[in-house]
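The values are calculated or read from the model by the stated rules, or taken from the named source; none is laboratory data. A quick note: this is a predicted structure, and the numbers were derived from the prediction, not measured. Counting neighbours? That spans all protein chains shown, and the Cβs are built from the backbone with ideal geometry, glycine included. Quick note on the areas: whole protein, heavy atoms, side chains included, nothing else; ligands and nucleic acids left out. Shrake-Rupley method; radii C 1.70, N 1.55, O 1.52, S 1.80 Å.
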Amino acid sequence: MSHAIVANQPGGPEVLEYASVEPPVPGAGQLLIKVAAAGVNFIETYQRSGIYKVQYPFTPGAEAAGTIEAVGESVEDFAVGDRVATAEATKTYAEYAVVDVDKALPVPAGVDDHTAAALPLQGITAHYLMNSSFRVEPGHTVLLHAGAGGVGLLLTQLLKARGARVITTVSSDEKAELSRLAGADEVLRYEGFADKVRELTDGEGVNVVYDGVGKDTFDDSLRSLRIRGAMVLFGAASGPVPPFDPQRLNAGGSLSLTRPTMGHFVQNAHERRWRAAEIFDAAANGTLSVRVGATYPLAEAAQAHRDLEGRKTTGKVLLLP
């Protein structure tokens with residue numbers, strides 16, 4: 001027997017139970033991973049609470065890093081003992097998890113297990129946001145919400161390396177300091193941020209807004225854009241954005257709006273590994289610092305969810321089996 005977190009019904013964090021389970025068995029084209037660390041992400045709180053429908057009993061988790069314990073038939077690129085990470089598995093809140101071989105990412109020797117588990121989802125997200133959702137070029141000015149969050153800290157560093165000017169928003173002094181340490185040029189609080197962005201850009205506005213907050217920031221994010229600016233809405237931490245009239249994009253200056261999701265930017269193993277390799281290489285050579293803000297024993301997954309939902313964490317949250 002092994003252990004996993006299991007929810008038998010939707011509800012609050014208390015429905016997450018530490019349970020004995022049969023370890024999974026890899027099928028053809030799959031890998032069995034002994035999980036060293038599993039990433040905790042907001043989507044799992046939505047699944048747990050019932051906002052997103054799942055089947056019960058339910059074990060959360062899609063992100064993890066660890067060592068291959070067994071391989072299924074037709075696996076050629078990986079072997080037992082290799083270190084891998086993924087953001088696209090299932091049931092990773094567990095001691096063992098199974099992942100399809102084309103969704104497994106090789107982990108370089110210079111990247112430890114905690115960093116490897118913290119990077120796939122947020123690192124690949126940061127990569128596609130700045131390279132594909134809107135291609136940031138040197139000299140662009142960017143507004144990035146939740147600058148001290150996992151994506152925010154990574155994306156800030158990558159944007160600065162690209163030569164962009166980065167303005168972030170945060171909710172506390174502690175988070176402001178973290179955002180500055182990541183390289184943010186200006187750090188704002190959420191209240192009145194659109195007016196402050198206009199002041200900082202001599203009334204022109206920013207080239208792009210990366211907004212993972214959603215409902216609470218959407219209107220002022222649009223107001224922060226320059227003519228022909230781009231709004232990249234990649235999350236809804238404060239709730240979904242209500243329906244709106246597309247004419248607002250015209251009135252705001254022929255603005256663009258996109259609502260990306262990672263699955264559409266890792267369409268095949270080649271694209272997935274290209275993005276992951278650039279992120280892992282940056283972490284391995286020290287040009288990208290990955291902040292693991294909190295770690296919890298696997299059995300304390302409920303507390304990890306409480307702290308994440310209570311905005312008590314910064315950087316990445318990990319569960320350790």
Q.
For Ser256, what residues show an amide H to amide H distance below 5 Å, using hydrogens built from the backbone and excluding near sequence neighbours?
A. Gly229, Ala230, Met231
(Q) Cross-link candidates for Lys215: which lysines have Cα within less than 20 Å, leaving aside residues fewer than 8 places away along the same chain? (A) Lys196
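When ligands, DNA and RNA are left out and all protein chains stay put, how many square angstrom of accessible area per residue does region 91-169 have with a 1.4 Å probe?
That works out to 28 Å² for each residue.
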Q.
Viscosity 0.890 mPa s, temperature 25 °C: what is the translational diffusion coefficient of region 1-150 from Stokes-Einstein with a Kirkwood Rh over Cα pairs, rounded to a whole number of µm²/s?
A. 148 µm²/s
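Specify, per residue and in Å³, the volume enclosed by the convex hull of the alpha carbon atoms belonging to region 166-253.
Taking the convex hull of the Cα positions in region 166-253, it is 91 Å³ per residue.
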Q: Determine Rg/Rh for the chain; Rg is computed over alpha-carbon atoms and Rh is the Kirkwood hydrodynamic estimate from the same atoms.
A: 0.98
Q) For region 214-290, with every protein chain kept in place, what is the accessible area per residue (1.4 Å probe, Å²)? A) 54 Å²
Q) Of all the stretches in the chain, which is the longest one without any exposed loop site, taking GluC sites (Glu not before Pro) in a DSSP loop (any state but H, G, I, E, B) with at most 10 other Cβ atoms within 10 Å? A) 192-321
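Roughly how many percent of the accessible protein surface of region 178-313 is carbon and sulfur, given a 1.4 Å probe and a whole-percent answer?
Looking at region 178-313 in its full context, I get 47 percent from C and S.
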Q | Mean-position separation - Cα centroids, region 212-290 and region 106-147, in angstrom | A | 12 Å
Q. After finding the eigenvalues of the alpha carbon gyration tensor for region 46-96, what semi-axes result from the square roots of 5 times each, listed largest first in whole Å?
A. 27, 11, 9
Q.
Pick from Leu249, Leu119, Leu153 the residue whose mean-square fluctuation is largest in a GNM of the chain, springs joining Cα atoms under 10 Å.
A. Leu249
Q. Tell me, what HN-Hα J-couplings in whole Hz come from the Karplus equation 6.51 cos²θ - 1.76 cosθ + 1.60 at θ = phi - 60° for each residue of region 223-229, using x for Gly and Pro?
A. 5, 7, 7, 7, 4, 6, x
Q | MRE, 222 nm, helices only [DSSP H, n ≥ 4, -39500 (n - 2.57), over the chain, to nearest 500] | A | -8000 deg cm²/dmol
(Q) Nearest 5 percent is fine: what portion of the DSSP beta bridges confined to the chain is antiparallel? (A) 55 percent
Q) Within straight cross-link reach of Lys103, meaning Cα distance under 13 Å, which aspartates and glutamates are found once same-chain residues fewer than 8 apart are removed? A) Glu63, Asp77, Glu88, Glu271
Q: Find the Rg to Rh ratio for region 170-321, where Rh is the Kirkwood radius over alpha-carbon pairs and Rg uses the same atoms.
A: 1.00
(Q) Using 5 Å bins from zero, what percent of all Cα-Cα pairs in region 78-198 falls into each bin? (A) 2, 11, 18, 18, 16, 12, 10, 7, 4, 1, 0, 0
Q. Over the Cα atoms of region 246-321, what Rg and Dmax result, in angstrom?
A. 18.5, 52
